[in-house]
Amino acid sequence: MIAPTQHTAPDRAPGHHDEPRYDPDVTEAKWRQRWQDAAIYKVDDNDPRPKWYSLTMYPYPSGILHVGHWYAFAVPDVFARHQRMKGYNVLFPMGFDAFGLPAENAAIRANIHPATSTFSNIEQMHRQYDMMGAMIDWSRQVQTCRPEYYRWNQWIFLRMLERGLAYRAAGAVWWCPNDQTTLANEQVLEGNICERCGAEVYKRDLEQWYFRITNYADELLTDLDKLDWPERVKTMQRNWIGRSEGARLRFKLETGDELEVFSTRPDTVWGATFMVLAPEHPLVQQITTDEQREDVDAYVTETRKKTEIERQSTDEAKKKTGVFTGAYAINPVNDERIPVWIADYVLVTYGTGAIMAVPAHDERDFQFARAFELPIRVVIQPDDEPPLDQATMEYAYVGPGRMVNSGQFDGVPVPEGIDSIINWLDAQGRGQKEVTFRLRDWLISRQRYWGTPFPIVYCDDCGIVPVPDDQLPVELPLDAEFTPTGQSPLVSHKEFLETPCPKWGGPARRETDTMDTFVDSSWYWYRYTSPHEDVLPFSPEKAKEWCPVDLYCGGIEHAILHLLYARFFTKVLRDIGLVEHDEPFLRLRNQGMILAAEGTKMSKSRGTQIGPDEIVAAHGADALRLHLMFLGPWEQGGPWNDRGITGMERFIRRAYQIVAELPETSSDGADVPDVEIAALRRLTHRTIKKVNDDLNAFHFNTMIAALIEFTNELVKQKDGPIARTPAWREAAETLTLLMAPSTPYVAEEMWELLGKPFSVHQQTWPTYEGSLLVEETVELVVQVNGKVRDRLTVPKDITEEAVTVQAMASPRVREYVDGRSPKRVIYVSGRLLNIVV
């Protein structure tokens, strides 16, 4: 055993004995080195204990860690350590999401190469994770900008290309003029704002690569029910996937074209009085009349500036906009001639990009019809209510009722009768049942440099040619000019661009876009299980041993993007044959966000980021860990403040002193009453249960409160004879073990002072005795004529007769009874005794 850290006593007033003082600077450096030398966090795949895979979302290395990173990572580290002490073989790895715009933009601002800044930041962040005392097995680290990692992005892309899950298509895509790249729909915020940089974005027509995530839409939706995830996240994914059941109907246009629409309410088709196309619909230019073309073109241009979120707004105060195309369609059920409009509330990405407008029974159609004085026809009358009048209606009726003005279906109840309507439409050749999804395919092309190159070659003779597996990785050249120009910097890199065709060796050119970095993060946890595998992206055998991940922690801002894409990739990898499970993360927990003091998001540019180095230097890593946990419920977060961190230091010092001043067990303790020893043991075992339960429930703030309360009670008793009993030794050892997950440094020092073998983090979590959770004695209030005169500690199950005898023997009670006999005794078991004289 190495020598305990030397501790100096602070100056004391005369008469005070010296107390050992805990020095975090010395102690933390000592144990950090010892842990590294002993490799105590290196995970053995052959360990016979049951596995537990805890994972926290890896960071971008675009800067240094701030207290928000500590909040996101140190708390799950506590949980992982707890699991290890409970007997699990715990995998708790870390890596870096090293490609992408954050790293590239930071490098551009600093006028250095992204690789230089990225690897420098990784080294700095690695140091800070170690400072945190994190239980990371660094031998499994992944860095997604390394060829040995992104080679497998390319391999997975090729497997998806073979299965028709990767494809290239032209289309209008969101373009960020600041980042000079395309964005996925999910990366555009309300107001046409780029999620990453805050710039205003717009639509642009480009040839792009996509992943066909829509093939898995139904499974992505239904499998959510299997997951122990926050309901808010599951709801967000359900809404984004957006499953709708209904019918596809066919409307003939007077131009001879056919227009298909999807409706969840085919029972209302008799009430369709106009049609609306998305402005981007391919038929718009074809059917627009010469008289309307100028207005239509202007409206189309204006619509391209809006996000889907803005266009789908149901805010009644927002004026409905649209333009008549000059074209007409024929309603398939009553042959009525109805006008065709375009409006931004219809999306080309949902359904067929066209709707039949039924203003009496759809609120957005109703607002549109009122705005443009279009006809409204009631075709569903509610039961047991006054009949609807289209002339006086103030809003659309969307509830149940009976069909009217609907020919042979008048009187049919809805929604019960919708299936019969669909069957009739199908028999008439006018429509068929269909399920649609709001989810769109994933756009993965980016016109930037710092990302995974596509393993694709374009040949004038052969077309699109995939790069053979034995030529992977297609490496990103480190000498490219990466200043944003609107095209990928690889376009001007001749050595990269020009390449022989893999099929016949003639001249060809490489794809110059790079992959969305969400590709990197859609499978990285599998790589941790076998980080040096060089035949496949990861070993299927190792993935089967460790996966799915038991607990995944990260911010709720990833609910749609990363978490949906990760689920999609897992299902693809299952179908390829690399994994056997359907879902990547069995249990998800989201932390809140630590905000700047003024309540805004921490920002390096605004100078509101709080770095941990200075805090650790002043207070110690353990104190910062405790402070972050004690700020409030972990899932809520809140504004940063450092007001409570000195309280955490004080707790650490008091806990340390309990162990550092631990006296030898001796005969002095033999005279301690059994009731006091029993009370101490009950306190110890109740604390074990409380801390264990709170850790399991992610109630870290109340877990810390329980440890503080336990310590305070021990401090009150540490100078008495009970400190020389075995029960006190049990309490001190238990306190040390219970602190180990939260305060790894001081707990290790305390464990050594107790004379225990290295390391506390390789010990077994304490268990409690159920019998000691029951309080054997209670404090009883004794009243005389309704006024409190004494308090007695008595057995919990004491009888009324016995407690009356004990109370009457009390000197304070005798003083007020004054020799008189009780007229009456009122006893509330375990709480109160009132003697009436």
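Brief remarks follow.
- A618 open to solvent by 50 Å² or more (accessible area, probe 1.4 Å), more than 30 Å from W728 (Cβ to Cβ), out of contact with any strand residue (DSSP E or B) (no Cβ under 9 Å at 6 or more places or on another chain) and of a type in the set (A, V, I, L, M, F, W, C): yes
- Count of the range 285-330 residues which are out of contact with any strand residue (DSSP E or B) (no Cβ under 7 Å at 6 or more places or on another chain), open to solvent by 50 Å² or more (accessible area, probe 1.4 Å), assigned to a loop (DSSP other than H, G, I, E, B) and at pLDDT below 95: 8
- Search result, residues across the range 563-581 that are open to solvent by 10 Å² or more (accessible area, probe 1.4 Å) and in contact (Cβ under 8 Å) with a residue 60 or more places away in the chain: D575, I576
- Number of the condition not met by F251 [criteria: (1) part of a helix (DSSP H, G or I); (2) farther than 30 Å from E557 by Cα]: (1)
- Considering the range 632-649, the residues that are open to solvent by 40 Å² or more (accessible area, probe 1.4 Å) and in contact with a strand residue (DSSP E or B) (Cβ under 8 Å, 6 or more places away or on another chain) include one that is nearest to Q609 (Cα to Cα), namely P639.
- Residue in the range 490-504 that is nearest to F538 (Cα to Cα), counting only those that are part of a loop (DSSP other than H, G, I, E, B) and open to solvent by 50 Å² or more (accessible area, probe 1.4 Å): K503
- Those strands (runs of 3 or more DSSP E) of the range 106-223 in which 1 or more residues are more than 30 Å from Y745 (Cβ to Cβ), among the hydroxyl-bearing types (S, T, Y) and touching an Asp or Glu at 6+ places or on another chain (Cβ under 7 Å) occupy 202-211.
- The numbered conditions (1) in a strand (DSSP E or B); (2) open to solvent by 10 Å² or more (accessible area, probe 1.4 Å); (3) of a type in the set (A, V, I, L, M, F, W, C); (4) in contact (Cβ under 8 Å) with a residue 60 or more places away in the chain are all true for C553 except (2).
- Check on V348, touching a residue at least 12 places away in the same chain (Cβ under 8 Å), in a loop (DSSP other than H, G, I, E, B), open to solvent by 20 Å² or more (accessible area, probe 1.4 Å) and β-branched (V, I, T): yes
- Apart from one condition, F437 fits all of (1) free of Cβ contacts under 8 Å to residues at least 12 places away in the same chain; (2) touching an Asp or Glu at 6+ places or on another chain (Cβ under 9 Å); the exception is (1).
- Of all residues in the range 67-96, those being open to solvent by 10 Å² or more (accessible area, probe 1.4 Å), modelled with pLDDT under 95 and out of contact with any strand residue (DSSP E or B) (no Cβ under 8 Å at 6 or more places or on another chain) number 1.
- A residue that is of a type outside the set (V, I, T), touching a strand residue (DSSP E or B) at 6+ places or on another chain (Cβ under 9 Å), open to solvent by less than 10 Å² (accessible area, probe 1.4 Å) and not in a helix (DSSP H, G or I) occurs somewhere in the range 516-527.
- Subset of the range 130-142 (residues that are of a type outside the set (K, R), surrounded by fewer than 20 Cβ atoms within 10 Å (Cβ to Cβ) and under 23 Å from F518 (Cβ atoms)): Q141
- Residue within the range 361-370 that is in a loop (DSSP other than H, G, I, E, B) and surrounded by 19 or more Cβ atoms within 10 Å (Cβ to Cβ) present: yes
- Filter result for R654 (open to solvent by 30 Å² or more (accessible area, probe 1.4 Å), in contact with a strand residue (DSSP E or B) (Cβ under 7 Å, 6 or more places away or on another chain) and farther than 28 Å from G63 by Cβ): no
- Count - residues of the range 774-785 that are among the hydrophobic types (A, V, I, L, M, F, W, C) and at pLDDT 85 or above: 4
- Residue in the range 167-177 that is open to solvent by less than 10 Å² (accessible area, probe 1.4 Å) and either of a type in the set (D, E) or closer than 25 Å to K42 by Cα (or both) present: no
- Among the residues of the range 724-777, those identified as surrounded by 15 or more Cβ atoms within 10 Å (Cβ to Cβ), closer than 28 Å to R625 by Cβ and among the small types (G, A, S) are A731, A732, A740, S742, A747, S759.
- A Cβ distance below 8 Å, combined with a sequence gap of six or more or placement on separate chains, defines the contacts here; from the range 687-714, residues that are under 18 Å from P76 (Cα atoms) and without any contact (Cβ under 8 Å) to a residue 40 or more places away in the chain reach residues that are open to solvent by less than 50 Å² (accessible area, probe 1.4 Å) and of a type in the set (D, E) in the pairs T702/D694.
- Yes/no for V788 being modelled with pLDDT under 85 and in a strand (DSSP E or B): no
- Qualifying residue in the range 37-44 (condition: under 24 Å from F119 (Cβ atoms), touching a helix residue (DSSP H, G or I) at 6+ places or on another chain (Cβ under 9 Å) and not small (G, A, S)): yes
The values are calculated or read from the model by the stated rules, or taken from the named source; none is laboratory data. What you see is a predicted model, and the numbers here were worked out from it, not measured in a lab. So basically every Cβ, Gly included, is an ideal-geometry build from the backbone, and we count neighbours across all protein chains shown. The area values use the complete protein model at the heavy-atom level, side chains included, leaving out ligands, DNA and RNA. Shrake-Rupley method; radii C 1.70, N 1.55, O 1.52, S 1.80 Å.
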